[in-house]
Structure formats: structure tokens, C-alpha cells
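Rule-based calculations on the coordinates, nothing more; no lab input. This structure is a prediction, so every number in the text was calculated from the model and none was measured. Note: ideal-geometry Cβ built from the backbone for every residue, glycine included; neighbour counts use all protein chains shown.
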Amino acid sequence: MTVVVLLGAPGAGKGTQAGILAERFGIPHVATGDLFRSAVRDGSPVGLEARRYMERGQLVPDDITIRMLLDRLEQPDAKDGVILDGFPRNRAQAEALDAALAERGVSVDRAASIEVPTDELVRRLSGRWVCRDAGHVYNEHTNPPRLVGVCDIDGSPLIQRDDDTAETIRARLTLQLASLEDVVDHYASAGVLKTVDGVHSIDEVTDALVRAIGRARDGQEVV
Ligand code: AP5
Ligand code: MG
């Protein structure tokens, strides 16, 4: 089982890169934000609860988040590993993940932190469009679709996320960065952290991540 954690501030490119890496490594992309958005769309109890926090740019409480993620890891498609995007988001979540993996005799192979300065994060989030049906990610400035308003991959309409308003972007960046630092420290202490400069093209960031993760998968490098 290969467990890769992608870390980064809102807008750093976690979802964009996790989608590419999941295809490349043949393991699923598991994003707690996507799981919550799907629960919100379904109107489930988890969705109704999560929505109250997401619309304010706050973290959803750990009990709900950890249970949802651990349930997802039990699914058969995750048996060979996962690319985690947006989880863990604080020390308690990181410790819960460590404990669940230890029960299976494994641990996080690589945590890669994608670093992007705040003004660039704001620019990326305010220009982001996602496809309605599958969440494929575009950007009107940096990564536009071939046809305005239409997903290149599945032809579904492009929409903006409810939390990509100026006010909620500000709240997410203000409220979530301190606990992200705790998670970065957690994986640095475990010796599995690699930092990648996210202010390059999408392809260049992918290459840097593949180098970082590939070596960990092959067991050739301990950071
Ligand atoms: P989540 O969905 O995880 O949102 P986020 O962390 O705010 O991250 P984003 O999805 O906004 O950014 P990203 O890093 O994926 O960037 P992307 O690839 O889209 O979480 C949403 C909410 O759910 C949270 O606020 C919280 O309430 C809740 N939640 C989720 N997980 C939780 C947890 N574990 N605990 C508690 N609560 C939780 O890229 C951004 C834009 O930039 C795109 O337009 C893209 O095209 C563009 N772009 C990407 N890479 C590049 C590049 N290299 N150059 C130029 N443009 C680029
Ligand atoms: Mg994302």
C-alpha cells in the first residue's frame, strides 16, 4: 500500500496535482473537500453539518472528518494506496491517520508540501472554475478550458465553487494556515516531508512531485 499526502494552502494546486498523480500511479485521489461537496449535494446529515463550516471557511470538526476519511480508506479501490488531498489538516487528523495505517502495518510514504505565496493563492482561487459533473479544475488566467464555460474532458458546464467568493477565500487563508503548519511539522519530524515550489507550470510541479514521490515509492530515499 502506498500512501501519499499532498499538503498546501487553499489554491496551492493539491486537487490539480492529485488528479494527475492518481492516474500516473494507478491509485485513487481521495479529497476530503470533494467528499464533503458530494455530501452537501446529496443533502446527507454529514453534508448539512459540513456546509455550515465550509461556507465560513472553517475546518469541519475532526470527528466527522476523520470518520468520513477512514470509511473511504476501507473501500476496495484504496487497498493498494491513495493520494490524499486536503487531509490531514491538523495534528489530530494526522495522528488519527497514523494510527489507522499502523493497524495495517503501513505508514505515510511521502508528504509533499506545495508552496505558493498568498497573493498568488488569491489570484488562483478567484479565477478557478470546476466542472459540474466530475470536478475537473480550470483557471481563467492560468489554465483555461478550450471552450469558455465547458469542461474539455466531459463537456459538462463549468461552475464556481460556493467557497470561492472573496470573503470566504480570505477566511480560509486566515483560519487554516496555522494548523497546516502543524501538519507540515508532523511529517518533517517523521522524516517523510518533501517541499515543492508550486509557482511553476502545472507540468513542472507534477515533475517535481513525481521525483519526490517516486523515490519514496522505490524506497531509495529517506528525507
Ligand atoms: P478543499 O476542497 O480541500 O479546499 P482547499 O484546501 O481550500 O483547497 P482548494 O481545493 O481550494 O485548492 P487546491 O490546492 O486543491 O487547488 P486547485 O488544484 O483547485 O476544502 C474545502 C473545505 O472543506 C475546507 O475549507 C473545509 O471547510 C472543508 N474540509 C476539507 N477537508 C477538511 C479536513 N481535512 N478537515 C476539516 N475540514 C475540511 O488549484 C487552484 C487553482 O489554481 C485552479 O484554478 C487551478 O487551475 C490553478 N492552478 C493549479 N496549479 C497551478 C499552477 N501550477 N499554475 C497556475 N495555476 C494553477
Ligand atoms: Mg482542491
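In terms of packing, defined here as the mean over residues of other Cβ atoms within 10 angstrom, the peptides 30-40, 188-198 line up highest first as 30-40, 188-198. Counting Lys and Arg as +1 and Asp and Glu as -1 over every other residue whose Cβ lies under 12 Å from the Cβ of residue 69, the net charge comes to -3.
Using the per-residue mean of other Cβ atoms lying within 10 Å as a proxy for protection, in what order, highest first, do the peptides 95-104, 8-17 fall? Before the final figure, lay out each step's value.
Numbers: 95-104: 14.0, 8-17: 24.3.
With the highest mean Cβ count within 10 Å placed first, the list reads 8-17, 95-104.
Take the range 1-75, drop everything but the C-alpha atoms, weight them equally and run the Debye formula without solvent; then report log10 I(q)/I(0) at 0.14, 0.16, 0.22 Å⁻¹ to two decimals. Reported log10 I(q)/I(0), two decimals: -0.50, -0.65, -1.13. The length gained on full extension between residue 62 and residue 103, counted as 0.36 nm times the residue separation minus their Cα-Cα distance, comes to 12.8 nm.
Count neighbours as other Cβ atoms within 10 Å of each site's Cβ, and list the GluC sites (Glu not before Pro) in the range 120-223 that are DSSP loop with at most 15 such neighbours. List each step's numbers first, then the result.
Working: sites: 120, 140, 167, 181, 204, 221; in loops: 140, 221.
Those satisfying the criteria are 140, 221.
For the range 55-127, a Kirkwood hydrodynamic radius built from all Cα pairs, placed in the Stokes-Einstein relation at 4 °C and 1.567 mPa s, yields a translational diffusion coefficient of 91 µm²/s. Taking the charge dipole of the range 36-137 about its Cα centre, with +1 at Lys and Arg Cβ atoms and -1 at Asp and Glu Cβ atoms, the residue from 92, 130, 116 reaching farthest to the positive side is 130.
Shape verdict for the chain, please, from the Cα gyration tensor: rounded (a/c under 1.5), prolate (a/b greater than b/c) or oblate.
Values: a/c = 1.43, a/b = 1.22, b/c = 1.17.
It is rounded, given that a/c, with a ≥ b ≥ c, falls under 1.5.
Given charges of +1 on the Cβ of Lys and Arg and -1 on the Cβ of Asp and Glu, with all other atoms neutral, how large is the dipole of the range 90-223 about its Cα centre, in debye to the nearest 20?
Numbers: 15 positive and 24 negative charges, 26 e Å.
Approximately 120 debye in magnitude.
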